[in-house]
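Novice: Supplied in structure tokens, the structure appears directly below.
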Amino acid sequence: MSMAIFQHVVTAPFARAVRFRTLTVACSTVTLPSLKKKAEASSKVDLQSQVLLGMSEQELQQLAVDFGQERYRGKQLHHLLYKRKVKEIQDFSQVPLAFRNELQEAGWRVGRSPVYKNVTASDGTIKLLIKLEDNRLVETVGIPVEDDKGSVRLTACVSSQVGCPLRCSFCATGKGGFARNLKRHEIVEQVLAIEDVFKHRVTNVVFMGMGEPMLNLKEVLEAHRCLNKDIQIGQRMITISTVGVPNTIKKLASHKLQSTLAISLHAPNQKLRESIVPSAKSYPLEAIMKDCRDYFLETSRRVSFEYTLLAGVNDTIEHALELAELLHEWGRSYHVNLIPFNPVEGSDYQRPYKKSTLAFAAALESRKITVSVRQTRGLDASAACGQLRNQFQKSPLLTGAEDQQSNSEIAVSC
Ligand code: SF4
């Protein structure tokens with residue numbers, strides 16, 4: 001799921017320039033289950049094997065034992081990876097050189113990737129492009145917020161896929177095509193890269209960067225475990241955002257995480273929603289709302305709804321009242337995050353006037369729905385999710401014939 005430096009949205013005019021061309025699937029025929037299979041198939045290239053980052057303490061202890069070491073060496077690896085945040089095996093100075101060499105000779109690596117591009121906005125938001133092992137680029141964003149007492153909350157907005165197959169109409173990531181799912185370490189390393197660049201601990205993580213987390217739920221859950229248990233970010237400080245993929249909210253609920261589920265709704269009725277989020281055809285609004293109610297019953301965690309306000313499309317008082325009615329029909333304790341659309345060149349959508357945003361919020365509040373209006377961060381730093389990556393991914397970063405092949409096999413393009 002994406003967002004514009006916190007706006008889970010965007011638009012940009014580059015999609016066609018991106019290199020995904022060979023296999024074209026008409027938007028109208030793309031179903032969520034077929035996209036899920038494609039996303040899973042794309043992960044078959046095993047980029048995760050022999051990567052230390054993302055492994056639990058227990059797994060690292062077992063690894064040490066497998067190499068003929070004492071178990072406590074695994075504990076040391078854990079400390080070096082997650083407390084000292086060391087990036088290269090050869091820099092694990094507490095670990096005997098012979099063990100380090102053996103790990104490397106067996107093909108093990110830490111799993112940290114270089115930052116390819118770093119853009120800072122005037123409000124302090126920093127967007128990073130991380131260059132993955134297969135030369136693909138993924139975006140991650142760090143958003144610092146200082147409270148009245150001067151303490152800083154640093155939120156990392158992480159990506160779960162390279163690109164996204166869902167093609168929401170306002171989103172630059174969707175327009176830029178889809179390459180593959182991220183592995184758990186590729187999600188975790190985004191948080192560590194944000195910490196590096198800010199020299200500050202990440203306090204909150206939102207899965208609202210490139211991609212739809214529910215199409216990559218296994219790796220997202222593993223990354224969530226690592227962020228919580230190994231990097232020590234509280235579950236309540238983590239938000240997983242989705243436009244909705246059938247059967248996955250139930251699956252997520254079964255893990256009983258104490259994290260927030262955020263549904264990217266963007267419309268109060270099915271017809272309008274389908275025009276904004278094409279994948280909504282496979283998952284009717286009523287079914288999503290029922291799954292959200294069940295999620296709350298199962299986890300006692302409030303579900304929040306993201307609503308991108310698009311001027312003249314979904315931002316009238318009538319839409320707000322319809323939304324309030326929908327939420328009341330399906331439960332209590334719902335919260336709505338309003339996100340005024342973040343305009344970018346080439347977009348058909350317009351940012352709403354401030355007065356219509358405030359009127360929309362007031363209409364929801366008059367129906368006793370709690371609302372927040374998200375401040376758009378990083379407007380001057382290619383803020384929209386996918387925008388920065390699309391600027392650079394169209395340059396020929398991939399060089400190997402194999403990569404070209406895998407790209408063309410999985411790309412979905414309209
Ligand atoms: S196209 Fe994908 S990344 Fe963009 S808003 Fe939709 S689900 Fe999120």
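The values are calculated or read from the model by the stated rules, or taken from the named source; none is laboratory data. The structure presented is a predicted model; accordingly, all values stated were derived computationally and were not measured. Neighbour counts are summed over all protein chains in view; Cβ atoms, including those assigned to glycine, are modelled from backbone coordinates with ideal geometry.
Novice: Under 6 Å by Cβ, and 6 or more places apart or on different chains, what pairs join a residue from region 196-219 that is within 16 Å of the ligand (Cβ to nearest atom) with one that is aromatic (Phe, Trp, Tyr)?
Specialist: Every condition considered, the pairs that remain are Pro213/Phe207.
Novice: Still on this model: Just wondering, is there one or more residues in region 287-307 that are in a loop (DSSP other than H, G, I, E, B), over 15 Å from Glu329 (Cα atoms) and at pLDDT 95 or above?
Specialist: Checking region 287-307: not a single residue is in a loop (DSSP other than H, G, I, E, B), over 15 Å from Glu329 (Cα atoms) and at pLDDT 95 or above.
Novice: Has region 242-249 got at least one residue that is closer than 25 Å to Ala324 by Cβ, modelled with pLDDT of 95 or more and surrounded by fewer than 22 Cβ atoms within 10 Å (Cβ to Cβ)?
Specialist: There is no residue in region 242-249 that is closer than 25 Å to Ala324 by Cβ, modelled with pLDDT of 95 or more and surrounded by fewer than 22 Cβ atoms within 10 Å (Cβ to Cβ).
Novice: Identify, from the list Thr308, Thr239, Thr260, the residue that is surrounded by fewer than 23 Cβ atoms within 10 Å (Cβ to Cβ), within 16 Å of the ligand (Cβ to nearest atom) and either over 23 Å from the mean Cα position of the chain (by Cα) or of a type in the set (S, T, N, Q) (or both).
Specialist: Going through Thr308, Thr239, Thr260 in turn, just one is surrounded by fewer than 23 Cβ atoms within 10 Å (Cβ to Cβ), within 16 Å of the ligand (Cβ to nearest atom) and either over 23 Å from the mean Cα position of the chain (by Cα) or of a type in the set (S, T, N, Q) (or both): Thr239.
Novice: Counting residues that are within 16 Å of the ligand (Cβ to nearest atom), in contact (Cβ under 8 Å) with a residue 60 or more places away in the chain and within 16 Å of the chain's Cα centre (by Cα), which strands (runs of 3 or more DSSP E) fully inside region 114-174 reach at least 3?
Specialist: 137-146
Novice: Please state which of the following conditions Gly234 fails to meet, knowing it meets all the rest: (1) out of contact with any strand residue (DSSP E or B) (no Cβ under 8 Å at 6 or more places or on another chain); (2) more than 11 Å from the ligand (Cβ to nearest atom); (3) more than 30 Å from Lys85 (Cβ to Cβ).
Specialist: (3)
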